[in-house]
Amino acid sequence: MSAEGNLAEKLAQWGLALPAAAEPKGAYRPLTTVGNLIYASGHLPIDAAGTLAVGRLGDSMDAAAGYQAARLAGLGLLATLRKELGTLDRVRRVVKVWGAVCCTPEFTQQPAVLNGCSELFVEVFGRESGIAARSAVGASALPLGAAVEVEAIFEID
Amino acid sequence: MSAEGNLAEKLAQWGLALPAAAEPKGAYRPLTTVGNLIYASGHLPIDAAGTLAVGRLGDSMDAAAGYQAARLAGLGLLATLRKELGTLDRVRRVVKVWGAVCCTPEFTQQPAVLNGCSELFVEVFGRESGIAARSAVGASALPLGAAVEVEAIFEID
Amino acid sequence: MSAEGNLAEKLAQWGLALPAAAEPKGAYRPLTTVGNLIYASGHLPIDAAGTLAVGRLGDSMDAAAGYQAARLAGLGLLATLRKELGTLDRVRRVVKVWGAVCCTPEFTQQPAVLNGCSELFVEVFGRESGIAARSAVGASALPLGAAVEVEAIFEID
């Protein structure tokens with residue numbers, strides 16, 4: 001099944017709609033394209049209703065909720081890609097994911113949180129194309145109090 | 001007007017000189033070039049007199065001062081580019097900006113701070129070429145106590 | 001001498017073996033390749049016996065120990081590269097290094113810590129190829145309590 005088909009099926013399973021693609025809120029763009037690479041801006045976890053997932057892992061949010069937040073950030077990245085490309089089927093591969101988790105100094109499960117985004121990409125693009133290189137780090141603070149922020153590089157046809 | 005002309009005009013308006021391009025202080029370079037892409041190292045906010053903007057947003061520094069610090073980091077990136085290329089007119093576009101803001105856990109205006117760098121790039125390169133993909137995150141600590149650190153990818157002719 | 005030869009000599013001097021290349025622990029890969037570029041995931045400091053260097057700079061770990069931890073992360077990156085490429089001699093150049101240091105808010109020597117990785121790359125690849133663009137930042141927390149996390153971009157033949 002194509003990435004578009006996978007995404008439609010998953011969204012239906014979850015009872016979710018893809019969030020609206022993020023609008024530039026300042027002097028930046030949601031993505032830039034150089035040759036076959038798309039550089040996507042850091043995306044925050046915003047659901048289809050427009051609500052931001054605010055929280056701090058290890059304090060007001062646990063790893064399971066953080067996983068859901070990272071999936072929302074991933075859905076936001078997909079929405080941005082689809083708005084740009086018209087269809088996710090032009091995405092050849094996820095090259096690189098970088099994610100920051102707003103957390104306490106004691107929290108050490110950043111990879112488990114970021115899996116919420118990474119596993120979404122596997123569901124949508126398949127294992128070969130969806131599994132990317134990745135870094136997951138903790139941050140003392142993120143924009144607007146967001147629980148996670150995820151940026152990514154994609155290769156397109 | 002060219003990027004060089006825009007920069008010269010802006011510096012005159014601000015009564016500023018471009019800072020000296022950063023010298024490598026350790027086992028790294030200010031930038032590397034691969035094909036048409038320049039990868040610039042994380043730049044700290046250093047003014048033309050060589051003074052580092054030290055501070056923590058949400059504590060010893062407010063968002064307006066942070067904005068100025070991010071602009072200084074951006075000027076440092078421009079100085080590094082100009083030293084490498086001879087002229088900013090060879091910069092086709094800013095592809096990606098990544099910035100960390102030294103801040104308290106409660107500070108959530110990292111994007112407003114990073115706009116200091118991003119809006120400088122718009123003034124110098126114009127909207128089409130100067131607005132890039134971007135991530136803005138908080139950091140508990142930065143080198144030498146700097147208020148911000150900004151790295152970027154540029155596309156050149 | 002080739003990168004492989006340099007590495008073998010250094011490991012012998014240090015009485016060290018190259019650590020085993022990191023196995024994917026989740027929905028990510030140790031690296032992805034796009035054209036001539038390798039994007040390596042964030043690597044943690046794990047020694048040849050499999051022990052993770054856990055700690056916080058400015059508290060439970062000093063800069064000298066942090067330097068050693070960053071060198072371990074660098075060795076892990078080399079192990080990942082060698083597993084992928086068969087030999088380090090296919091590495092043309094280190095393009096970019098990004099490293100986060102788990103530290104207290106007062107710690108400001110992130111560059112000195114990251115030199116542990118950067119100077120390893122110089123020893124193995126030589127100055128011309130081994131010195132890259134770099135960013136070094138502080139993080140309030142890193143995966144598994146690791147003292148440092150380092151990702152990198154390499155250009156290959």
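Side notes on the structure shown:
- Residue satisfying all of: in region C:1-28; within 14 Å of another protein chain (Cβ to nearest Cβ) and crowded, with 18+ Cβ neighbours inside 10 Å; modelled with the lowest pLDDT among these: C:Ala22
- Residue that is farthest from A:Leu37 (Cα to Cα) [pool: residues in region B:89-102 that are surrounded by fewer than 24 Cβ atoms within 10 Å (Cβ to Cβ) and at the interface with chain A (Cβ under 10 Å from one of its Cβ atoms)]: B:Arg92
- Residue within region B:61-70 that is of a type in the set (D, E, K, R), out of contact with any Phe, Trp or Tyr (no Cβ under 7 Å at 6 or more places or on another chain), without any contact (Cβ under 8 Å) to a residue 40 or more places away in the chain and outside any helix (DSSP H, G or I) present: yes
- Counting the residues of region B:103-155 that are more than 9 Å from chain A (Cβ to nearest Cβ), outside any helix (DSSP H, G or I) and either in contact with an Asp or Glu (Cβ under 9 Å, 6 or more places away or on another chain) or not acidic (Asp, Glu) (or both) gives 7.
- Condition check for B:Leu52: touching a strand residue (DSSP E or B) at 6+ places or on another chain (Cβ under 9 Å), within 14 Å of B:Ala152 (Cβ to Cβ) and modelled with pLDDT of 95 or more: no
- Exclusive hit being in contact with a helix residue (DSSP H, G or I) (Cβ under 7 Å, 6 or more places away or on another chain) and more than 24 Å from C:Leu11 (Cα to Cα), set C:Val137, C:Val113, C:Val94, C:Val122: C:Val137
- Scope region C:84-96; condition under 15 Å from the mean Cα position of the chain (by Cα) and either part of a helix (DSSP H, G or I) or farther than 24 Å from C:Ala147 by Cα (or both); matching residues: C:Leu88, C:Val91, C:Arg93
- C:Arg71 vs. criteria basic (Lys, Arg), over 16 Å from the mean Cα position of the chain (by Cα) and either under 26 Å from C:Asp157 (Cα atoms) or modelled with pLDDT of 95 or more (or both): no
- Subset of region A:29-47 (residues that are in a loop (DSSP other than H, G, I, E, B) and either buried (at least 24 other Cβ atoms within 10 Å of the Cβ) or not polar (S, T, N, Q) (or both)): A:Pro30, A:Gly35, A:Leu44, A:Pro45, A:Asp47
- The one condition in (1) under 16 Å from C:Asp157 (Cα atoms); (2) facing another protein chain (nearest Cβ under 10 Å); (3) at pLDDT below 95 that C:Tyr39 fails to fulfil: (3)
- Selection within region B:103-119 - surrounded by 23 or more Cβ atoms within 10 Å (Cβ to Cβ) and under 13 Å from the mean Cα position of the chain (by Cα): B:Val113, B:Leu114, B:Asn115, B:Gly116, B:Cys117, B:Ser118
The values are calculated or read from the model by the stated rules, or taken from the named source; none is laboratory data. Keep in mind the model is a prediction, meaning the values are calculated, not measured. In this analysis, Cβ positions are derived from the backbone assuming ideal geometry, glycine residues included, and neighbour counts consider all displayed protein chains.
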